[in-house]
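Below is one structure, written out as structure tokens; comments come after it.
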Ligand SMILES: Cc1cc2nc3c(=O)[nH]c(=O)nc-3n(C[C@H](O)[C@H](O)[C@H](O)COP(=O)(O)OP(=O)(O)OC[C@H]3O[C@@H](n4cnc5c(N)ncnc54)[C@H](O)[C@@H]3O)c2cc1C
């Protein structure tokens, strides 16, 4: 094998790849990021960054100075559009960012730490070689001791790992999700979306949900179709916007023009995330909440954990699957269970959305639990007991109220 080009090659300069590259470069490794696009670039996204992303201390100043609205309120509608709950809090539920700026800043953090970035470089495949891993690009082959797959849902390292584990190439959980941003007067935002109130329409026209994320001077609007549905996404998005216009939630005659779109997974995280000399992070390992579609924080956290594990594995010699295995255990025990729990909540919302929203209308505590769950600010696994316990109290009350026993008694 030819001399190695780097200690670690990272596929993709998204939140997962840039975070992994930064932590590895800080630990003295020679890191090369290969990115198919040229940064800064935009990305189809709501641009909501959950507040616990501020655990990455180096992000704090950037977010404080560059966020375009701190969301402190949430409204959720049910699929019949007849019921909604609203929740306001003094705490930030999430920060709105522009992905173009956010991702660009993350990769610059990595480069400031010493990582190298090669743009306009599409990785087409990976394979093992004597003493290293070979990374194929359209122009040449590069080699490294380890490769990190952080190229999103269609990542080539993830495909290699699935193939070598004999796992099927299953894309049935992917939805193609359109989103577009519409400039509006700030006074419109302040009137209609106080506290940068985020809005979800669960089950709108059979979708998972439609959303509005108001940001400074614009509305970020998208709709998440159910997986496997072949839909005219532009028409679906326009249908949602027409509904919003009818409710006064977007200026009249707002037209879909050139929405961005990207695949969003919903089946929960990958069962296998390491192999000999390889790990996958973020969307490549399907680390996206099946309830909310949130994935930026999981991408960053998995990138950090991958870097720490690779650092240790390289210090011990050959980065075998066994030496990289602690990475899988680390992310699984930190948020993997949570992502599974989110799948449970997603199913309940799809089945009983109206009942849940009606219960929450009457119970501020439950409203708070739901809003925090949807905004990704709480530990979903631990909450399952609290939600069920609260519903066990609320449900009989709700049924009793619906039956209205006093009225029945008075009639007698
Ligand atoms: C419509 C939509 C809305 C969303 N809204 C939110 C939200 O509001 N909040 C939230 O937290 N999450 C949201 N998500 C999810 C979030 O965007 C992802 O979870 C997150 O971007 C994952 O980061 P990543 O680094 O794993 O992958 P990505 O952000 O996809 O980055 C992958 C990078 O790899 C590059 N790349 C891909 N393939 C290759 C290749 N073969 N060779 C070289 N480079 C390659 C890409 O160009 C890209 O730069 C949304 C997703 C969608 C689709």
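The values are calculated or read from the model by the stated rules, or taken from the named source; none is laboratory data. Bear in mind the structure is a predicted one, so any value in this text is a computation, not a measurement. Positions of Cβ are generated from backbone atoms using ideal geometry, with glycine treated the same way; all protein chains shown enter the neighbour counts.
Brief remarks on what is shown
- Hey, residue 85 surrounded by 15 or more Cβ atoms within 10 Å (Cβ to Cβ), under 19 Å from residue 291 (Cα atoms) and within 10 Å of the ligand (Cβ to nearest atom) or not: no
- Any chance residue 273 is more than 13 Å from residue 45 (Cα to Cα), more than 7 Å from the ligand (Cβ to nearest atom) and modelled with pLDDT under 95: no
- Lone qualifier among 339, 291, 314, 308 - being touching a strand residue (DSSP E or B) at 6+ places or on another chain (Cβ under 8 Å) and at pLDDT 90 or above: 314
- Candidate set: the stretch 30-57, residues that are in contact with a helix residue (DSSP H, G or I) (Cβ under 7 Å, 6 or more places away or on another chain) and part of a loop (DSSP other than H, G, I, E, B); chosen: the one farthest from the ligand (Cβ to nearest atom): 56
- In the stretch 1-29, residue farthest from residue 302 (Cα to Cα) [restricted to those that are touching a helix residue (DSSP H, G or I) at 6+ places or on another chain (Cβ under 8 Å) and in a strand (DSSP E or B)]: 7
- For residue 199, the stated conditions do not hold, so it cannot be described as under 17 Å from residue 262 (Cα atoms) and in contact with a helix residue (DSSP H, G or I) (Cβ under 9 Å, 6 or more places away or on another chain).
- Residue 308 vs. criteria touching a residue at least 40 places away in the same chain (Cβ under 8 Å), closer than 17 Å to residue 8 by Cα and out of contact with any helix residue (DSSP H, G or I) (no Cβ under 8 Å at 6 or more places or on another chain): no
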